[in-house]
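Worksheet: one structure, shown below.
The values are calculated or read from the model by the stated rules, or taken from the named source; none is laboratory data. Everything quoted here is computed from the prediction, not taken from an experiment. With ideal geometry, Cβ positions are generated from the backbone for all residues, glycine too; neighbour counts draw on all protein chains shown. Remember, those area values only see protein heavy atoms, side chains included, never the ligands or the DNA or RNA. Shrake-Rupley method; radii C 1.70, N 1.55, O 1.52, S 1.80 Å.
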Amino acid sequence: MLEGLNKKIASLKPLFEPASIAIIGASADLRKPSGQPVAALVNNGFAGRIYPVNPKYKEINGLKCYPDPASIPGPVDLAIIAVPAALTLQALKDCAAKGVTGVIIFTSGFGEVGEEGKRQQDELARVAREAGMRLCGPNCMGIFSAHNRLMANFAVMELPGRVLIKDFFGFVSQSGGFGAAIYQTVKERGIGFSHFISTGNEADVEFSEYLAYMAGDSHTKVIGGYLEGVKNGRQLVEAADLALQVRKPVMLIKAGKFAPAARAAASHTGSMVGSEKVYSSFFRQKGITRVESLEELVMALSILAAGKLPGGNRVAVLATSGGRGVMLADKCSEFGLDVVNLAPETRARLDQLLPSFASTANPVDITSQIMTHPGLLQSCAEIVLSDPDVDAMVVAYWALHGDTTNLDQMINVSRNSSKPVVNLVWGLEEATLKAIHYLQDQLVPATQQAEYAVKALGNLSRYSMYLAKRAHEAPASPVPEDSLRRAAEIMAEAKQDGRLAEHRAKSVLREMGIPTTREELATTLEEALASAGKIGYPVALKIDSPDILHKTDAGGLFLNVKTPGELAEKYPQILANANNYNQGAKINGILVQEMLPPGTEVIVGIARDETFGPTVVFGLGGIFVEALDDIAVRVAPLTPTDAREMIEEVKGYRLLQGMRGAPAGDIDAIVEVILRVSQMAMNLPALAELDINPLMVYPRGIIAADAVIILKDNAGSQESSNQ
């Protein structure tokens, strides 16, 4: 997988590292999008060759202008196409004939305007693919790279004049205008961009590929993006994994959080999983920080630019106002930060410095004494940061007009500590803004906005703990190849049915090492009586049909059948109920099954997401899965940590821990089932959806009491019109 990703990254080199650039449709009006790259490349000292192309001109901005790409004397690595939509396809073909390997198309009027535009865009993609070109756009603002002064865009026209930390932040945006606004805001903080990419319609190169490029790029330390959606979720998985390998934080603004995302499916798991839930779960799974505002993003960048990542989520609050400190402590708790108790030695040292009316508990109230006691703020901050139970600190104090004493103290604190320190400065507006800029110019995180600051710190603490937790994680044990082969054969036998009813589905589970109930399939009353005699009363009777998946609705389930006489009475009744429910249903027989003792019911399943492919689902089982919608989702394949986090994520986890004297459930056994199901999702290509519901959890061990498998060609269909 990594080899294929590396090839894709290498194929993007012409877009980011061209030695020569042609601007097709270049304009002598350097204010137009078709003229801006010519001026920007020249004015900012791009070291490569620049070839304006337009038959109307002999020269543009001091450069010789060529009538067409074929007339350019040397090779061309990158072409910027800025001609009307009707001329774009021919321009692209001309670039292909010239041997251009990278193309950026500014022109709009393609997939975003309707079916005809989509058809023309598909043709652009086809031409690029057949010529071996990588294409950015169409309908994009282009690409900016700082280290080589690449201005192949019309959003960034000049290099930033003030850069406090260069080659730092790479940003890829599916919105040109919003992305440009983010670029300007971050740039004003003095945080240097490595790359800014406007992806446009993504006819060829997609968001995930740009993200992967920056993960492998030595000029990028932190990756950000504005994302509405990806076409190929597996590519995003690969890019996220690469960013994790090189320990580069990824922070994404994901739009469409509340968009409807339901789809029809034949199983519980398929109908429960919508795209927003999958995206948010995927971000958690891969350590991607989801930021919800520009302000939050900028604050997180400020903390990272200071070179400090919190070692955990234990935070201390230091404030010159008791009320302000308490409010900040609440905000910290809201965003996942633990306002820890300071060590007795820490409090004793603070007591020696502070007046009796101060508070040395966390939050620490140092009062307004810092205005009359020079050095007090720094001394208190250093004492608190030296506490081994503190991972980060939030300091709130008043800005004094024209006085930088306290600011200089906090600059010293930040420089001398390996722990992040976030400064919340408030006061009169002019003094506050000056104080914040003064701190920011020294790469000291500072803001007026407590919510953004604390939320950013909470996000970064989670990222840090994520890295620590997964640093030495062992992979899941593989399922033997013979077991996978036999499971695939069982599913192949049911291909015509499109679904595996319970008995066959459990055969697949047993091949995967998942314990199931003792049971036999009976096709006559005599067989059912014999099976019950072997299994032992009481038993459960279940209709086994690929066309009747929800047995309770069909009257196809009788529990706790205690005697042969009761079984003889129920047997014809269950068949009649099934026939009334669905007259055309294929009946495999009646499943005679052991009655399980009470336990905690959970569900483990597989759903197929349109973007990411197979996902694994876990939650409370039985009727609660629909009534409470309390589920956790992860994109396959899963690690042992993923599986355990899924279990801990659901509200029903408290039941599994044991409540009111009840014994705890076997969490390790559930983890093992989730991992086996994940391997089914990745290694059984015919499988579309799976329900193990309920999976009975006991203090020792688990047993699958019911299961259904939906095959790919049948996913999403309804089992009957009378449901």
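Can you give the FRET efficiency to the nearest 0.05 for Leu559 and Lys118, using r as the Cβ-Cβ distance and R₀ = 60 Å?
After rounding to 0.05, the efficiency reads 0.65.
At a Förster radius of 30 Å, what calculated FRET efficiency corresponds to the Cβ-Cβ distance of Ser386 and Lys7, to the nearest 0.05? Don't skip to the answer; put the middle values down first.
Values: r = 49 Å, r/R0 = 1.65.
Once the sixth-power term is evaluated, E becomes 0.05.
Each residue of the range 689-700 in order: what ³J(HN,Hα) in whole Hz does its phi give by Karplus 6.51 cos²θ - 1.76 cosθ + 1.60, θ = phi - 60°, with x for Gly and Pro?
The phi angles translate into 9, 9, 10, 10, 8, x, 9, 7, 10, 10, x, 10 Hz.
Please give me the summed charge of the neighbours of Ser678: other residues whose Cβ is under 11 Å from its Cβ, Lys and Arg +1, Asp and Glu -1.
For residues surrounding Ser678, the net value is 0.
Could you please report the charge total around Arg349, scoring K, R as +1 and D, E as -1 over all other residues with beta-carbon less than 13 angstrom from its beta-carbon?
Counting the neighbours of Arg349, the net charge comes to -3.
Residue by residue through the range 298-312, what is 3J(HN,Hα) from phi via Karplus (6.51 cos²θ - 1.76 cosθ + 1.60, θ = phi - 60°)? Round to whole Hz and write x for glycine and proline.
With coefficients 6.51, -1.76 and 1.60, one gets 4, 5, 4, 5, 4, 5, 5, 5, 6, x, 10, 10, x, x, x Hz.
Rounded to the nearest 5, what % of the DSSP beta bridges within the range 67-199 are antiparallel ones?
Expressed as a percentage, antiparallel bridges in the range 67-199 total about 40.
Straight-line reach only, C-alpha to C-alpha below 19 angstrom: list the lysines that Lys495 could link to, leaving out same-chain residues fewer than 8 apart.
Lys506, Lys586, Lys712
Name the long-range amide H neighbours of Ile191: under 5 Å, sequence gap of 5 or more, or other chain; modelled H, no Pro or chain starts.
Close amide H contacts, sequence-distant or interchain: Leu164.
Cβ under 15 Å from Glu296's Cβ, Glu296 left aside: what net charge do those residues give with Lys, Arg +1 and Asp, Glu -1?
+3
Given labels modelled 7 Å from the Cα in the Cβ direction, how far is it in nm from Glu276 to Asp408?
Rounded to a tenth, the inter-label distance reads 5.1 nm.
Suppose only helical runs count, i.e. DSSP H with n ≥ 4. What mean residue ellipticity at 222 nm does that imply for the chain under -39500 (n - 2.57) per run, divided by all residues and rounded to the nearest 500 deg cm²/dmol?
Helix contribution divided over all residues of the chain: -12000 deg cm²/dmol.
In whole percent, how big is the carbon plus sulfur part of the accessible area of the range 304-410, probe 1.4 Å, protein atoms only?
About 51 percent, which is the carbon plus sulfur part of the accessible surface.
If you stretched the chain out fully between Lys56 and Ser477, how much longer would it get, using 0.36 nm times the residue separation minus the C-alpha to C-alpha distance?
144.9 nm
Let me check against my output: what whole-number percent is the relative contact order of the range 1-147, with C-alpha pairs under 8 Å and at least 6 apart?
22 percent
Starting from the amide H of Val364, placed 1.01 Å from N in the peptide plane, find each other amide H under 5 Å away whose residue is 5 or more places distant or on another chain.
Val317, Leu318, Ala319
Calculate the spin-label point distance for Asn341 paired with Leu433, positioning each point 7 Å from the Cα along the beta-carbon direction, and give it in nanometres.
Computed distance between label sites Leu433 and Asn341 equals 4.5 nm.
How high is the relative contact order of the chain, given as a whole-number percent (alpha carbon pairs under 8 Å, six or more residues apart)?
Working: 1505 pairs, mean separation 67.0, N = 723.
The normalised contact order for the chain reaches 9 percent.
With a/c under 1.5 counting as rounded, go ahead and sort the chain into rounded, prolate or oblate using the C-alpha gyration tensor (a ≥ b ≥ c being the square roots of the eigenvalues; past the cut-off, prolate if a/b is larger than b/c, else oblate).
Oblate shape, in that a/c is at least 1.5 and b/c is the bigger or equal ratio.
With every protein chain left in place, what is the accessible area per residue of the chain in square angstrom, probe 1.4 Å?
It amounts to 41 Å² per residue over the chain.
What is the set of long-range amide H partners of Ile80 at a cut-off below 5 Å, with H atoms built 1.01 Å from backbone N?
Ala22, Ile23, Ile24, Ile104
May I ask you to list the chymotrypsin sites (Phe, Trp or Tyr not before Pro) in the range 52-126 that are in a DSSP loop and have at most 10 other Cβ atoms within 10 Å of their Cβ?
Within the range 52-126, no chymotrypsin sites (Phe, Trp or Tyr not before Pro) qualify (loop, at most 10 other Cβ atoms within 10 Å).
Taking a cut-off of 18 Å between Cα atoms, list the lysines near Lys534, but don't count ones fewer than 8 places away on the same chain.
Correct list for Lys534: Lys542, Lys562.
Residue separation times 0.36 nm, minus the C-alpha to C-alpha distance between Glu526 and Arg486: what's the value?
11.4 nm
Given a Förster distance of 56 Å, report the FRET efficiency between Leu575 and Val163 from their Cβ-Cβ distance, rounded to the nearest 0.05.
Efficiency, rounded to the nearest 0.05: 0.10.
Give me the percent of DSSP beta bridges within the chain that run antiparallel, rounded to the nearest 5. Please list the in-between numbers first.
Details: 54 of 107 bridges.
DSSP beta bridges in the chain are roughly 50 percent antiparallel.
Among the lysines, which have Cα under 22 Å from the Cα of Lys331 when same-chain residues fewer than 8 positions away are ignored?
Result set, ordered by chain and number: Lys308, Lys419, Lys455.
Cα gyration tensor of the range 99-164, axes a ≥ b ≥ c as square roots of the eigenvalues: rounded (a/c below 1.5), prolate (a/b > b/c) or oblate? Don't skip to the answer; put the middle values down first.
On the way: a/c = 4.49, a/b = 1.83, b/c = 2.45.
Cα axes put the range 99-164 in the oblate bin.
Taking θ = phi - 60°, what integer Hz values does the Karplus form 6.51 cos²θ - 1.76 cosθ + 1.60 yield along the range 58-68, in sequence order, with x for Gly and Pro?
Computed from phi, the couplings for the range 58-68 are 8, 8, 9, 6, x, 10, 4, 9, 9, x, 7 Hz.
Can you bin the range 41-153 into rounded, prolate or oblate? Criterion: square roots of the alpha carbon gyration tensor eigenvalues sorted a ≥ b ≥ c, rounded for a/c under 1.5, prolate for a/b above b/c, oblate for the rest.
Prolate shape, in that a/c is at least 1.5 and a/b is the bigger ratio.
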